[in-house]
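Note sheet for the following structure.
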Amino acid sequence: MPAYLPPPDAGRRFTGRRRVRLADTDPQGRLRPDAVARYLQDVATDDWDDTGIDTGELWVVRRTAQRLAPGGAWPTLGTEITVTTWCSGIGAAWAERRTDLAVAGVVQVQTEALWVPLDASGRPRRIQGGFRDAYEEASAGRKVSGRVQPAVVAHGTDRRPWPLRRVDLDVAGHVNNAAGWAPLVEVASGAPMAEAVLTHHLPVEWGGPVELATSPGRMWLLSADTVLVSATYELS
């Protein structure tokens, strides 16, 4: 389970600001989990750019967790959000990033994400010294595992086609990690989530049929019975 560690006492923290817009909300005006995922990747990029380090790496997300903070609520349309992010752990070829979404100084949503750097050929590469120089103090020497548990599809799942859209593709030619949250929003049928963990086992690529499988509290995206994305969730 995600640790949702508190902000560090020392080391780098980066804060950005977002206003909840129409494209970010559900019909009830609540911030959607896929919009939160966009906020996370944007503030992570802004943080990395702010360090001034240029390695030519592309970072991809392997796993993201989101939850309502204790006593928190999903921000609503028009709300100003403070998005604060920091590195909460480093491994050999991956790093963990915590991000809090706060309204008027009160944390409403907590997130944790496992990121992996890729080299120019698209292969994972080891964490470089420049990254450690910028983020190791905040991580306080905490080592994290990059192991992702294999996903097993439950028996008796409901299945249906999940059509891909070209607008979901990113610069790597894969369905963007934020778009990967869209089927989970669909599965929730408009109900707000208390917590969710979404794991990318393999990239979702254009051209082949993708199937959405669901059972209570769980979701999978599959291609030819191979799990590409899995998720667990709890509704609030």
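Computed from the coordinates by the stated procedures, all read-outs in this text should not be read as laboratory data. Note that the coordinates shown come from a computational prediction; the quantities given were computed from them, not determined experimentally. Cβ placement follows ideal geometry from the backbone for every residue including glycine, while neighbour counts extend to all protein chains displayed.
If amide hydrogens are placed 1.01 Å from N in the peptide plane, which non-local residues have theirs closer than 5 Å to the one on residue 235?
Sorted by chain and number, the residues that satisfy this are 194.
Can you work out ³J(HN,Hα) from phi for every residue in the stretch 19-30, in order, using Karplus 6.51 cos²θ - 1.76 cosθ + 1.60 and θ = phi - 60°, giving whole Hz and x for Gly and Pro?
10, 5, 9, 4, 6, 9, 10, 8, x, 8, x, 8
Based on DSSP, what percent of beta bridges with both residues in the stretch 77-214 are antiparallel, to the nearest 5?
About 95 percent, rounded to the nearest 5.
Sequence-distant or interchain residues sharing an amide H contact under 5 Å with residue 63, placed H: which?
When sequence neighbours closer than 5 places are left aside, the close amide H contacts are 114, 200.
So which residue, out of 159, 132, 123, gets the largest mean-square fluctuation from a GNM of the chain using Cα contacts under 10 Å as springs?
In this elastic network of the chain, the residue with the biggest mean-square fluctuation among 159, 132, 123 is 123.
With θ taken as phi - 60° and the coefficients 6.51, -1.76 and 1.60, list the Karplus ³J(HN,Hα) couplings across the stretch 179-194 in order, rounded to whole Hz; mark glycine and proline as x.
After applying 6.51 cos²θ - 1.76 cosθ + 1.60, I find 5, x, 7, 4, x, 5, 4, 5, 4, 5, 6, x, 7, x, 9, 8 Hz.
Principal axis lengths of the stretch 118-180 from Cα atoms, whole Å, largest first?
Reported extents, whole Å, longest axis first: 47, 30, 21.
Check each of the trypsin sites (Lys or Arg not before Pro) in the stretch 163-236 and keep only those in coil by DSSP with at most 13 other C-beta atoms within 10 angstrom; list them in order.
Taking the stretch 163-236 and a limit of 13 other Cβ atoms within 10 Å, the loop trypsin sites (Lys or Arg not before Pro) found are 165.
Please list the non-local residues whose amide H lies under 5 Å from the amide H of residue 119, H modeled 1.01 Å from N, same-chain partners needing a gap of 5 or more.
Counting only residues 5 or more places away or on other chains, the set is 125.
So what does log10 I(q)/I(0) come out to for the chain at q = 0.17, 0.18 Å⁻¹, using the Debye formula with one equal point on every Cα and no solvent?
So the normalised log intensities work out to -1.36, -1.50.
Based solely on its DSSP helices, what 222 nm [θ] is calculated for the chain when runs of n ≥ 4 H residues each add -39,500 (n - 2.57) and the sum is averaged over all residues, nearest 500 deg cm²/dmol?
About -4500 deg cm²/dmol.
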